[in-house]
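Below is one structure; the comments refer to it alone.
The values are calculated or read from the model by the stated rules, or taken from the named source; none is laboratory data. Everything numeric in this text was worked out from a predicted model, so none of it was measured. Note that we place each Cβ from the backbone using ideal geometry, even for glycine, and neighbour counts take in every protein chain shown.
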Amino acid sequence: MTLVLTNRFKLKDSHTLAVYEENGGYKTIDKVFATNPDDIIEEVKQSGLRGRGGAGFPAGLKWSFIPKDPGKPKYVCVNADESEPGTFKDRYLLELDPHQLIEGIIICCYAIQSHDAYIYIRGEFDLPYRRIQAAVDEAYAKGYLGKNIFGKGYDLNIVVHRGAGAYICGEETALLESLEGKRGNPRVKPPFPATHGAFGCPTVINNVETISALPWIITNGAQNYRQWGTEKSPGTKMFSVSGHVNKPGVYEVPLGYPIKDMIQNECGGVGGTGRLKAVIPGGSSVPVLTAEEALDANLDYESLMEKGTFLGSGGIIVIDDSVDMLWALRNLGHFYSHESCGQCTPCREGTGWVSKILDRIYHEGGTQADLDLLNEIADNMSGKTICALADALAMPVRSYLKKFPEDFARHIKKTA
Amino acid sequence: MTKVKITIDGHDLEVEQGTNLIEAARQLGKTIPHYCYHPGLPPDGNCRMCLVQVEKMPKPVIGCRTGATEGMVVHTQSDEVKKMRQSIMEFLLINHPLDCPTCDQAGECRLQDYYMDYDRIPSRYQEQKVHKDKMVDLGAGVMLDEERCIVCTRCVRVCQEVAKSEELFVQERGNHSMVATFPGKKMTNPYAGNTVDVCPVGALTSKDFRYKKRVWFLSAADSVCQGCSRGCNISVHHADNRVYRLKPRHNPEVNDYWMCDYGRIDYKFVNDGRRLKPHFKTDAGLQEDSYQNAFAHLQSVLQNYSADQITGIASAQESNEEINAFVDFIKSNFGSLPIYFSKNNPENPYEDDILIKADKNPNSAHIASKNLKPVSEISGGVKAVFVQRNLSAQDAQVLKDKGIQIVALFATNETNLDNLAEVILPIPTFAEQNGHFTNFEGKVQGFTKALKPRGESRLFAEHAEDIKALLSSIKKAS
Ligand SMILES: Cc1cc2nc3c(=O)[nH]c(=O)nc-3n(C[C@H](O)[C@H](O)[C@H](O)COP(=O)(O)O)c2cc1C
Ligand code: SF4
Ligand code: SF4
Ligand code: SF4
């Protein structure tokens, strides 16, 4: 199926400039520079493209918040920190089609009239880093970046900045702090990056996948993009599917695609025991779905909202009935307590507390009071912190306890 | 500035637009509890203790970083707010060592205070606490107990904002986060003591003060630092007629919330090395004795000089009142010679453009207003002088070179003049009297008495009375 983002993935040397250009790459540049920047923003708005980093915020709308003449530089930051457990789509875009991302950056920069872009890339990404850096170098060599790009009288620089290995630096304002050379602590918002972003200047931050969709959208038009997806979730999305499926991997499908079909058609069915127990649809931080809920849900923002969960980053984790959900939650407890930046009291203390209680129940058994306490800690953590990391553990805690009570009951000491 | 009308817990008030809600509530006499917010520092927003509800806002907001806007309706006492506070307290305490019995902060600890005000439930924590280092020397006399730290970053911000230093930062993540200096480095900035003041808990303690006194035994007197001509406003914390520590006192026009580390330890002379009794020179050396015998000695010395051979040297370290009394005394009893002054005048004095002034005298401005002359200009007619407080080493040398005798020294402490003065009469330090200093900007600032004058020390005026009597008896006799 030819779609938007992954069309060139199967080509040999797809990451090179030559292959990119032979296959439609950088063809939209002439059109871009012949268009009024505001019209580009409008086109992206019309396409309904939503942020693919997790929150699903409409991209065109975000760009329109950038002040026109701030009297200081404007920046574009591409969020390539991809670290949410179960999410591994951006790395493929970086490894297999880095020029698509660069072309997207050029479009985004031109639209908001920025001349400096950063790609903030996860520190552990080695091949993706080498590929995107090589692509940037190629683009500079060819005059596609730097001064007077494509001879259009427009200057644009891209700097690839490697992170140092913290999940929290994927949160957009922690990313900015880290980019500025500081400790990656999320900032209190407002002010938002659109007005006070990198180095105190107006900044657009978008996910790799969001930006990578731009060349196709500008080439083929917003209406064409809307041939896929639903009214509120137009277009296509890449899903990273892992866990108990026979063919784990990254799949691009139109939004609104049924989870059931994703598992059956793309992934070759449920693996492991073959009996589906649960699905995490949007990366480890979103509420879990039971098998029944999952088989009835579609992969789009509104359908998953209806089911009380989120599309998130599109990291689908499929879980068979051999898995103890307390064990799974304990894993998440470890992850989020380890990755909490530690500045907000409820997150710093709450994530660690949850993690330790789950450890104790897992190893020694617990009491009903422990389970009640877990729920209460989750409540006390959510909605009270600087960024969403606290919620990213609170949501799983509540949903796992609610949806898989038998897995927790099994660890409850009868004598307590 | 635009004023806006807001409502807090049903009370209407008018504040400047953008005033944060903690300060707005303060105007009503209400407390929105907080740890990381400090009015002298840029707000951070990490502790989450000041979460309140604002109508029409979807989630609770932090008071410290929510600015008042027209028509805002704020709730700081709702059940939900109370529950949030309780949960923040619970979170803060789960990994806290609770070593109050051995903690210097006990009695002035926000954890203790807020636990009583907003929590009061027994701990539900059954897990192993996170253990960290309890004795980290951060340098500059500041000790860190990592386990007590609540990572509010006040100390980090006070270094950045006041000392313009990046010496402190937070390292590690999550509940392993802790304040630190860089490997192999220590704090060296001269404002480090402020980190201890702003630390809302017992994580940072002062090496100078720790383990010396339970804070509830201390009383405080408003005072002014006499370490330099800035005149930072301070509190003198004292007990048992001794000073235990100095703390800065807020004055936005002089020192804001801060003071320097030199000033902070400039109280030790109040407790130690004092001249507590009269002394006079004998063949066997300096002798401690009664006032009666000291004055008898002074009388015998004064008999050697006529009134027009005697003058005085006032001190820029004394109060306006003491300088006036001294100058008036010299003028009215001698008066034909100019009157001189001396200043504490160390070599290469440290100064910066933050608080610390090169002039290490609290009262140079008042001295300047009295039209006195520097000791370096002392003229040939002077044979004997009364010296207030002390002389700089250079000025003492001038007297020696010119063979001018110090008939009486009014001293707080043992000094380098001890062997030069015929009589030493004890006077109280700034901590033992009420008075004023005039700072370098001409600001006249009052300080109050913290201690009873120690030993037999007396204000200058009392000495002056006795000396006047003495002089008139000399006159009569001659
Ligand atoms: C804890 C946390 C981690 C995040 N990690 C990432 C990430 O790795 N990559 C990403 O694109 N967005 C991440 N986000 C979302 C970003 O904050 C931001 O919303 C996103 O980069 C915006 O781009 P988009 O609108 O194109 O999605 C994270 C958010 C949170 C709260
Ligand atoms: S919620 Fe957690 S990760 Fe986010 S800023 Fe607060 S402490 Fe840091
Ligand atoms: S910091 Fe406060 S609560 Fe903690 S041990 Fe010291 S006095 Fe007790
Ligand atoms: S040492 Fe004190 S002031 Fe510094 S972060 Fe910890 S609790 Fe806050």
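Worth pointing out:
- Scanning the stretch A:85-104 for residues that are crowded, with 24+ Cβ neighbours inside 10 Å and not basic (Lys, Arg) returns A:Thr87, A:Asp90, A:Leu93, A:Leu94, A:Asp97, A:Pro98, A:His99, A:Gln100, A:Leu101, A:Ile102, A:Glu103, A:Gly104.
- Subset of the stretch B:73-92 that is more than 8 Å from chain A (Cβ to nearest Cβ), among the hydrophobic types (A, V, I, L, M, F, W, C) and touching an Asp or Glu at 6+ places or on another chain (Cβ under 8 Å) - its residue that is nearest to B:Asp119 (Cα to Cα): B:Met89
- Sub-6 Å Cβ pairs linking a first residue in the stretch B:185-204 that is without any contact (Cβ under 8 Å) to a residue 24 or more places away in the chain to a second residue that is away from ligand 1 (no atom under 16 Å from the Cβ) and part of a helix (DSSP H, G or I), at least 6 apart or interchain, number zero.
- All positions within the stretch B:141-157 that are within 12 Å of another protein chain (Cβ to nearest Cβ) and either over 14 Å from B:Ser177 (Cβ atoms) or in a loop (DSSP other than H, G, I, E, B) (or both): B:Cys149, B:Ile150, B:Val151, B:Cys152, B:Thr153
- Within the stretch A:23-62, considering residues that are crowded, with 21+ Cβ neighbours inside 10 Å and within 16 Å of ligand 2 (Cβ to nearest atom), the one farthest from the other protein chains (Cβ to nearest Cβ): A:Gly53
- Selection status of B:Leu218, away from chain A (no Cβ under 14 Å), more than 16 Å from ligand 4 (Cβ to nearest atom) and either among the hydrophobic types (A, V, I, L, M, F, W, C) or more than 25 Å from B:Gln317 (Cβ to Cβ) (or both): yes
- Residues in the stretch B:147-206 that are farther than 22 Å from A:Thr345 by Cα and of a type in the set (Phe, Trp, Tyr): B:Phe182, B:Tyr191.
- Among (1) within 25 Å of B:Ala25 (Cα to Cα); (2) aliphatic (A, V, I, L, M); (3) more than 16 Å from ligand 4 (Cβ to nearest atom) - the single one B:Ile121 does not satisfy: (1)
- Residue list for the stretch B:113-168, restricted to those being out of contact with any Gly (no Cβ under 7 Å at 6 or more places or on another chain), of a type in the set (Val, Ile, Thr) and either under 30 Å from B:Gln77 (Cβ atoms) or in the same structural domain as B:Arg85 (by TED's automatic domain parsing) (or both): B:Ile121, B:Ile150, B:Thr153
- In the stretch A:368-386, residue farthest from the other protein chains (Cβ to nearest Cβ) [restricted to those that are surrounded by 15 or more Cβ atoms within 10 Å (Cβ to Cβ) and over 30 Å from A:Val188 (Cβ atoms)]: A:Leu371
- With respect to being buried (at least 24 other Cβ atoms within 10 Å of the Cβ), over 16 Å from A:Leu289 (Cα atoms), of a type in the set (Lys, Arg) and free of Cβ contacts under 8 Å to residues at least 60 places away in the same chain, A:Arg348 fits the description.
- Some residue of the stretch B:124-137 being more than 16 Å from ligand 1 (Cβ to nearest atom), closer than 17 Å to A:Pro346 by Cα, in contact (Cβ under 8 Å) with a residue 40 or more places away in the chain and part of a helix (DSSP H, G or I): no
- Applying the set (1) within 14 Å of chain A (Cβ to nearest Cβ); (2) touching a Phe, Trp or Tyr at 6+ places or on another chain (Cβ under 7 Å) to B:Met57 leaves exactly one unmet item: (2).
- Helices (runs of 4 or more DSSP H) (entirely within the stretch A:299-416) containing at least 3 residues that are within 16 Å of ligand 2 (Cβ to nearest atom), in contact with a Ser or Thr (Cβ under 7 Å, 6 or more places away or on another chain) and not assigned by TED's automatic domain parsing to the domain that holds A:Ala55: A:325-339, A:345-364, A:389-403
- Selection of first residues in the stretch B:324-336 that are assigned by TED's automatic domain parsing to the domain that holds B:Phe460 and of second residues that are of a type in the set (D, E, K, R), restricted to Cβ pairs under 6 Å at least 6 apart or on distinct chains, gives the following pairs, ordered by first then second residue: B:Val327/B:Lys370; B:Ser336/B:Asp308.
- Here A:Gly312 meets the list (1) more than 13 Å from chain B (Cβ to nearest Cβ); (2) of a type outside the set (Val, Ile, Thr); (3) in contact with a His (Cβ under 7 Å, 6 or more places away or on another chain) almost entirely, failing just condition (3).
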